[in-house]
Amino acid sequence: MYNNEFFVVDMASCTSTGEIINNLSLALETLNHSGKKIVLKLNESYLNQSQMLSIQSLITSYGCSLDTVETTNEDTQKVAENMNIFVQKPIEKRIEEKYESNDNDFEKFSMDANRNITVKEVNGLHFEADLDAIQKQQDNIDISSDLKNAGISPNDDFEEIEQKVSAQYAQSQDLINQNDDIDRIENPEMFENQQSTSAITAENKEFDNTEKNTIGVYKKAYKEENIEEEHFEDVDFYETATDEPVVSDTKNTTYINQTLRSGQVLEAEGNVVIIGDCHPGSEVRAGGDITVWGVLSGIAHAGYKGNIDAKVRALKLNAIQLRIGNCYSRRPDGTNIPYIIRSSVFTPEEARVVDDEIILFKINQN
Amino acid sequence: MAGSVIVITSGKGGVGKTTTSANIGTALALMGKKVAMIDTDIGLRNLDLLLGLENRIVYTIVDVVENRCKLKQALVKDKKNPNLCLLAAAQTRDKSAVDADQLKEICGQLKEDFDYVIVDCPAGIEQGFQNAVAGANEAIVVTTPEMSAIRDADRIIGLLEAKEGVERHRLLVNRVRPKLIKLNNMLSVDDVVETLSCELIGVIPEDEHITTSTNKGDPAVNDNKSLAGMAYMNVAKRITGEEVPLLDIDVPSNIFEKIKKFFKKKEQG
């Protein structure tokens, strides 16, 4: 599901065993999922013991294990139970049943919603981004249906949801144990070390790989006094841009494949990409972004016509001065030996303007 | 109040014009004088680096000349001494970006507000030199005790004498190594002064501190231990009109004095 450990294969639309095996092998072959537990959605189709065995051996041959079978067919359920495979009913069925039974169930579902949100927090994701992700994955993932049934729409304010669910959380703690079949998949412990949300379904031979990687970035003040002050901020790397799109024509990019030396000036209307270093004394002026695949030690002026959304990024940002739009910042006085860069390890950074101040953001791999 | 404009020049490159400019300027500022420094080495600027101000330069002398900013905006204040200002050269242009009249005007304006205007001259006798000398009323010719530097200094002194406005020029002998002079492998300071027949303003010994201070962006006069820094301090005092004897940079002549001096040094250090 939304977990590195589990992999949901939806075979609800498949009718024959051959089709199931064909789609399954395609799904496992295309993506590397060795070591993962497979959750097989079968819907109503009937499988006998030998068919189930062949599916299981197929999964095993890809280095995975068949963990759960989701089916409405009672015969198939029995077969699976005989083979020590965990069986669960499709989520829609479960919701229906629970709604019919009693009122307490509302809390169970809100608890589910709560746990899903907790997962997101553990991941260190920005919540707005999560809502987007949830909306994108609505068709594939059960989160959204859980949320809906819990009376929470994905568009609700984060604080509201938090209040709703945290009030019920204490009560619902006890229900976790009773509600085994949901816990199998949505056990909170599974999510603890989760790094990214991924939802992969195999449906009609189409693979929808929605992977949302968010990058935690460090906010670093580019001031002489605050150079040591680094604090972590939960900023979605791709999402924090303003509502208006950054005006930068991607076609109008100057591409330079050389090192800029002292005294050399590069001026371009659009973006600038430099494969090489920018030595101290060199100057780069661009109407758009400046990207340096190397060490930037000269002066960089991005968006020199007043575009404050422009960015400067380099593998090693060591610029004497950074200017973005009409903002200006200079390198702290302590690091005063521009010709010697003691780093074999590059620390890719990006400079952009936040509240009229140029801030450096570390570009993390994770 | 009209201050004096002092140009630091040499003809030959690498003899220590920029180092001398940085140190004399800083020394004068330490003495409480208001000092402005102008780097006229457009395209090969280094004075900002020696003063540790390279990250503060926004406008340069070319911007002033081309009316992109006011003169006061282009002056970079020193981070330690508020008496000291720098007008930096542009790195991305060449000497022809400025002409002699423009520099004369800048010097004239700065003279009004500052006690001393130190002009760092580029090597050579072309446009850059002509520009730097244009507004000056005093000159310090830097040379080293080597034949090539002395010959170039001679040429420069000739040009300065022909120049109107430069009332006085004095000689500064840099990178003197007393040990080599003792062994007769280097021209002595007296030889240099005699060859050039010019008034002497100071003798600066060769010093390792200069290299480290250049890399740190902190002039040697700020360092009390540096012998060269002390010598530059004396030069600055002489510029203000003070009578200061030459610094003792002699190495002892016989073995007993050598031992005496060695122990003296050990006690100090």
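Results, tabulated for the structure shown:
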quantity: Residue A:259/residue B:4 FRET efficiency (R0 35 Å; Cβ-Cβ; nearest 0.05); calculated: 0.20
quantity: Over chain B: helical MRE at 222 nm, DSSP H runs n ≥ 4 each giving -39500 (n - 2.57), nearest 500; calculated: -12500 deg cm²/dmol
quantity: Paired Rg and Dmax values of chain B, which use every Cα atom, in angstrom; calculated: 18.5, 65
quantity: Kirkwood Rh (inverse of mean 1/r, distinct Cα pairs), the stretch B:6-145, angstrom; calculated: 14.5 Å
quantity: In the stretch B:96-126, GluC sites (Glu not before Pro) in a DSSP loop with at most 13 other beta-carbon atoms within 10 Å; calculated: B:126
quantity: Highest-first arrangement of A:279-291, B:168-180, where packing means the average Cβ count within 10 Å; calculated: A:279-291, B:168-180
quantity: Sequence of A:354, B:62, A:87 once ranked by neighbouring C-beta atoms within 10 Å, starting from the fewest; calculated: A:354, A:87, B:62
quantity: Computed over the stretch B:122-169, Kirkwood Rh from alpha-carbon pairs, angstrom; calculated: 11.1 Å
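All of the numbers you see were taken from the coordinates with simple rules; none came from a lab. Nothing here was measured: the structure is a model prediction, and the numbers come from that model. For neighbour counting, all protein chains shown are included, and Cβ atoms are generated from backbone atoms with ideal geometry for every residue, glycine included.
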